[in-house]
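Readers should treat all values here as calculations from the given coordinates under stated rules, not as data from a laboratory. This one's a predicted model, so the numbers in the text were calculated from it and none came from an experiment. As a convention, Cβ positions derive from the backbone with ideal geometry for all residues, glycine included, and neighbour counts pool all protein chains shown.
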Amino acid sequence: MTDKTQSWTRKDLLGLRELSAEEIHFVLETADAFKQVGTREVKKVPALQGKTLVNLFIEPSTRTRISFELAAKRLSADIVNITAAASSLTKGETLKDTARVLEANHADIIVLRHRSAGAPEFLASRIGASVINAGDGAHEHPTQGLLDLYTIREKKGGFAGLHVAIIGDILFSRVARSNIFALLKMGARVTLVGPTTLVPRVFEQMGVTVSHRLEEVLPTADVVNLLRIQHERQRKEYFPGLGEYIRLFGLTKARGKLLKPDCLIMHPGPINRGVEIDSELADGAQSVILDQVTNGLAVRMAVLFLCASVVKQ
Amino acid sequence: MNTCIRNGRIIDPANGRDEVGDLWIIDGRIGDGSEIRSASGADESKINEIDAKGLIVSPGLIDIHVHFREPGFGWKETIESGARAAAAGGFTTVVCMPNTSPVADSPSTIAWIKDRAAEMAKVRVLPTGAISKNLAGEELAPIGSLAQAGIVAITDDGKCIQNNELMRRAVEYARMVGVPVLDHCQDYDLVANGVVHEGYWSTLLGLPGWPAAGEEAIVARNVLLAESCDHHIHCQHISAAGSVRLLREARARGIKISGEVCPHHIALTDESIQNFDTNFKMNPPLRSQRDIDALLEGIADGTLDILASDHAPHAGFEKEVEFDAAPFGIIGLETELALFLDLLVHQQKTIGLSRLIEMLTVTPAKLLGLKSGTLSLGEAADITLINPNLEWTVDANTFQSASRNTPFDGWKLKGRAVRTIVAGETVWQLG
């Protein structure tokens, strides 16, 4: 597999906007090999043996952190988890100093989750270790975007001509941005759906279609990607309440009937059952939500492996 | 010792003068040479000659918007280092903002600043006072007492009074005291936690947006209050096209309102933020090309008639953090004149040299009721010699300012001040 890494020259994965279609394709292909590892009796390979990975999660996360931790363990890396509450950042240490301390401890890979857009870029330009963006503010969540693409590719065979609808809180969503950047590069058509306050028109300048009527979009969609409504931290200015949101934008059973039979239903989780998606649809035959989780592991193994290999050279 | 500045192009917009000639400095004041000729037994050899051939001889430049960080934040800039930066940029008078620690909202703090400036500063450093106590926007500062202590204007710069009733009373009160009101125009609800211009780039990068309407709403408020209170409100660092339109309409109706422009708002668009470099983070933020075009139009037609830097020093360790956590602001005194010369006069040809100098001298002087900004006979000899065609490269490491937070490091610019004279004494000269 090492000869393949010559097509990958990045020590960091900061976002999908900066990747070419070829690079995205290459990560997905690398993930194919790692997905196969997960089906073996012994699910572990020595690819990152002797490497140290730090999960630096300044903003709380469970599923992404666990996915990275499992991915690193399957690659035989040593892992340290740092959460915001336990880090020196609560004692006033700057992100730069925290990173320098990690580097002095010979960390090879830093997986960063941070509330501030651009924090991974900030870190990557200041340290030699690999920086993997595990979500920065409303900016990017590249491994989530890659695992979404991996899942679409796995089920649909490719991207050309596909119509992907991303539904919900686009304005504050890093998942949406990473998906938009990557899907457009791979030749898919993207429609964003949600209230005007959460899906402003300015998104059209990126090359997507903006719609505020879910019913008009569903019949032509090949994939619907439902984003979590973060009502617990949403300012009240953005929409009147969950009841109205469900009425206008919830993927209810009735609206589910508008979907093509082979339309994929995706969700990055955690799901608000009965809000953005009806419970039966989330568990139904069109749902690939758990495939996304499984694929996330393979994609993250691929990303860690590729970036760490570049640092080694 | 008396001085004669020989053969320069003397541009003195206040007196409608633009001609090649000699300018005399007699006992620290502007003269015409007759003083020397009439003095019996005058010794020509005691005259200090400055050859200004090819240079512009301008009234000393005035920047009405700087932050010198003292008292309280001396690690960013002191009155001494800030004044050196001003001198190196060609400025003989600067007006410093009251967001210090303590806030300049009491006569004793104003007295401290004036004492410090008298002791340490190479150029004239004029204090402003706060509009509201502690810049909290809740109750009036003792504006009358501040005026007696020597402020030239009131402002809550960095903050903006949201309570329209309080602002109204402040403007009325300032009219009695005789000081203009300078306002940083920002509606807190519309702007919320915004850090960059709300538009394509904020959306793409997922950075909280600072919408143009957040400035325009307060400019509109200020137009209404300037009219109803019949007193001057000066809108600081105008950045948005809509603000220019509001000011143009108001000024056409004779309302006492004005606006200022900073170099960065015409030199850079919000596209510059895409690498999350905090040296491109300032308040108000860099906006779109459409906004730049409107600012240039406003400068060309006189709607915007004052130029300033909003010189806002921050230490490297303060700026070297996550984008949304970094403080707003960049330094500007040592690149200001060059950027305006290069962009407005050389590149865009928005205005001519004489108008540029007017906007940097007599217009701000009039706003603040200062006698400076002219080369009138008998006035203090504050003079800036400018080489409008000198090509140079910005090197932040050579700055006099104590801070380095500039987005213009490495820029090649055309034109700069080569000598700065305050009360007849050369306080800075290009080495």
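Roughly how tilted is helix A:95-104, in degrees to the nearest 10 and between 0 and 90, from the longest Cα axis of chain A?
Between helix and principal axis, roughly 40 degrees.
Between residue A:283 and residue A:85, what length in nm is gained on full extension when 0.36 nm per residue of separation is reduced by their alpha carbon distance? Please report the intermediate quantities before stating the final value.
Values: separation 198, 0.36 × 198 = 71.28 nm, distance 3.46 nm.
Taking residue A:283 through residue A:85 to full extension adds about 67.8 nm, to one decimal.
Just to be sure I understand the curve: with the Debye formula and one point per C-alpha of the protein assembly as shown, what is log10 I(q)/I(0) at q = 0.06 Å⁻¹?
So the normalised log intensities work out to -0.45.
How big is the charge dipole of segment A:245-313 about its Cα centre, in debye rounded to the nearest 20, if each Lys and Arg gets +1 on its Cβ and each Asp and Glu gets -1 on its Cβ? Display every interim value, and only then the final one.
Details: 8 positive and 6 negative charges, 33 e Å.
Around 160 debye, computed over segment A:245-313.
So how much slack lies between residue B:290 and residue B:349, counting 0.36 nm per residue of separation and subtracting their Cα-Cα distance, in nm?
Length gained between residue B:290 and residue B:349: 19.5 nm.
If you build a Gaussian network model of chain A, linking Cα atoms that sit under 10 Å apart, which residue out of A:124, A:160, A:302 swings the most?
With Cα springs under 10 Å in chain A, the top fluctuation among A:124, A:160, A:302 is at A:160.
Give the distance, in whole Å, between the Cα centre of segment A:143-218 and the Cα centre of segment A:267-299.
If we compute the Cα centre of each part, the gap is 16 Å.
Given the C-alpha centroids of segment B:125-176 and segment B:378-415, what is the distance between them in whole angstrom?
32
Once label points are set 7 Å from the Cα along Cα→Cβ at both residue A:258 and residue A:236, what is their separation, rounded to one decimal in nm?
About 3.0 nm separates the two model spin labels.
Would you mind checking the radius of gyration and Dmax of chain A based on alpha-carbon positions, in Å?
Just the Cα atoms of chain A yield Rg and Dmax of 19.3, 57 Å.
In terms of Cα to Cα distance under 13 Å, which aspartates and glutamates are near enough to residue B:319, apart from those fewer than 8 places away along the same chain?
Straight-distance partners of residue B:319: B:277.
Where does chain A land at 222 nm, in deg cm²/dmol rounded to the nearest 500, when only DSSP H runs of n ≥ 4 count, each adding -39500 (n - 2.57), divided by all residues? Display every interim value, and only then the final one.
Numbers: 11 runs with 116 residues, N = 313.
Dividing the helical sum by the residues of chain A leaves -11000 deg cm²/dmol.
Listed highest first by mean packing, meaning other Cβ atoms within 10 Å per residue, what order do B:281-294, A:24-37, A:138-151 come in? All intermediate terms of the calculation are to be shown ahead of the outcome.
Numbers: B:281-294: 21.2, A:24-37: 18.9, A:138-151: 27.4.
My ranking of the peptides, most packed first, is A:138-151, B:281-294, A:24-37.
In degrees from 0 to 90, rounded to the nearest 10, what is the angle of the helix B:213-229 Cα long axis to the longest principal axis of chain B?
Between the helix axis and the principal axis of chain B, the angle is about 70 degrees.
What are the residues whose amide H is under 5 Å from the amide H of residue B:212, where those residues sit 5 or more places off or on another chain and H is modelled from the backbone?
Amide H neighbours of residue B:212, under 5 Å, 5+ apart: B:198.
Using modelled backbone amide H atoms (1.01 Å from N, in-plane), which distant-in-sequence or interchain residues come within less than 5 Å of residue B:131's amide H?
Amide H to amide H, under 5 Å and 5 or more residues apart or across chains, residue B:131 pairs with B:155, B:156.
Of all DSSP beta bridges in chain B, what percent run antiparallel (nearest 5)?
Values: 29 of 59 bridges.
Expressed as a percentage, antiparallel bridges in chain B total about 50.
Would you list, by chain and number, the lysines whose Cα falls below 18 Å from the Cα of residue A:73, excluding same-chain residues fewer than 8 positions away?
Qualifying lysines at Cα under 18 Å: A:35, A:43, A:44, A:51.
Using a Gaussian network model of chain A whose springs link C-alpha atoms within less than 10 Å, name the residue from A:182, A:85, A:99 with the highest mean-square fluctuation.
Its mean-square fluctuation being the largest, the pick is A:85.
Given R₀ = 56 Å, FRET efficiency for residue B:111-residue A:62 by Cβ-Cβ distance, to 0.05?
After rounding to 0.05, the efficiency reads 0.45.
Given a Förster distance of 35 angstrom, what is the FRET efficiency for residue B:134 paired with residue B:224, based on the Cβ-Cβ distance and rounded to 0.05?
On the way: r = 26 Å, r/R0 = 0.75.
For residue B:134 and residue B:224, the calculated efficiency is 0.85.
Place the peptides B:307-313, A:244-250 in order of packing, highest mean first, counting for every residue the other Cβ atoms within 10 Å and averaging per peptide. Numbers along the way, then the final one.
Working: B:307-313: 28.9, A:244-250: 18.3.
Peptide ranking by packing, descending: B:307-313, A:244-250.
Provide a whole-number value for the mean count of partner chain Cβ atoms within 10 Å of the Cβ atoms in peptide B:199-205. Before the final figure, lay out each step's value.
Working: counts 3, 5, 2, 3, 10, 9, 11.
That works out to 6 on average.
Count, for each residue of A:171-184, the Cβ atoms from other chains sitting within 10 Å of its Cβ, then give me the mean as a whole number. Write down the numbers at each step before the final one.
Values: counts 3, 2, 1, 1, 0, 1, 4, 0, 0, 1, 1, 0, 0, 0.
Mean partner shielding for this stretch: 1.
Per-residue mean of other chain beta-carbon atoms within 10 angstrom of the beta-carbon, peptide A:110-118?
Numbers: counts 0, 0, 0, 0, 1, 3, 10, 11, 12.
Mean shielding count: 4.
If we count every other residue with Cβ under 13 angstrom of residue B:168's Cβ, Lys/Arg +1 and Asp/Glu -1, where does the sum land?
Working: positive: B:169, B:175, B:221; negative: B:165, B:172, B:183, B:227, B:230.
Charge balance near residue B:168 sits at -2.
Taking the Cα centre of the protein assembly as shown as origin, work out the dipole magnitude from +1 charges on Lys and Arg Cβ and -1 charges on Asp and Glu Cβ, in debye rounded to 20.
Details: 78 positive and 91 negative charges, 417 e Å.
The dipole magnitude comes to about 2000 debye.
Which peptide among B:173-186, B:198-211 comes first, and what is the full order, when sorted by highest mean count of other Cβ atoms within 10 Å?
On the way: B:173-186: 20.9, B:198-211: 22.4.
Output ranking for B:173-186, B:198-211: B:198-211, B:173-186.
How big is the charge dipole of segment A:20-108 about its Cα centre, in debye rounded to the nearest 20, if each Lys and Arg gets +1 on its Cβ and each Asp and Glu gets -1 on its Cβ?
Values: 12 positive and 12 negative charges, 78 e Å.
In debye, rounded to 20, segment A:20-108 gives about 380.
Which of B:334, B:322, B:297 moves the most in a Gaussian network model of chain B with Cα springs under 10 Å?
Comparing B:334, B:322, B:297 in the GNM, the peak value goes to B:322.
So what's the back-of-envelope 222 nm ellipticity for chain B, counting only DSSP H runs of four-plus at -39500 (n - 2.57) apiece and dividing by all residues, rounded to 500?
On the way: 15 runs with 130 residues, N = 431.
After summing the helix terms and dividing by residue count, I get -8500 deg cm²/dmol.
Give, as a single signed number, the net charge of other residues whose beta carbon lies under 9 Å from the beta carbon of residue B:360, with Lys and Arg counted +1 and Asp and Glu -1. Mind showing how you got there, number by number?
Values: positive: none; negative: B:63, B:336, B:358.
Cβ neighbours under 9 Å give a net charge of -3.
If you restrict to DSSP beta bridges whose two residues both lie in the protein assembly as shown, what percentage is antiparallel, to the nearest 5?
On the way: 30 of 95 bridges.
Here the antiparallel bridges make up roughly 30 percent for the protein assembly as shown.
When only C-alpha pairs under 8 Å and at least 6 residues apart count, what is the relative contact order of chain B, in percent? Walk me through the intermediate numbers first.
Working: 1066 pairs, mean separation 85.0, N = 431.
It comes to 20 percent, rounded to a whole number.
So in chain A, what percent of DSSP beta bridges are antiparallel if you round to the nearest 5?
On the way: 1 of 36 bridges.
Just about 5 percent of them are antiparallel.
Which of A:131, A:92, A:20 sits farthest toward the positive end of the charge dipole of chain A, with +1 on the Cβ of Lys and Arg and -1 on the Cβ of Asp and Glu?
Farthest towards the positive end: A:92.
Using a 7 Å offset from the Cα along the Cα-to-Cβ direction at both residue A:41 and residue B:176, what is the distance between the two label points in nm, to one decimal?
9.3
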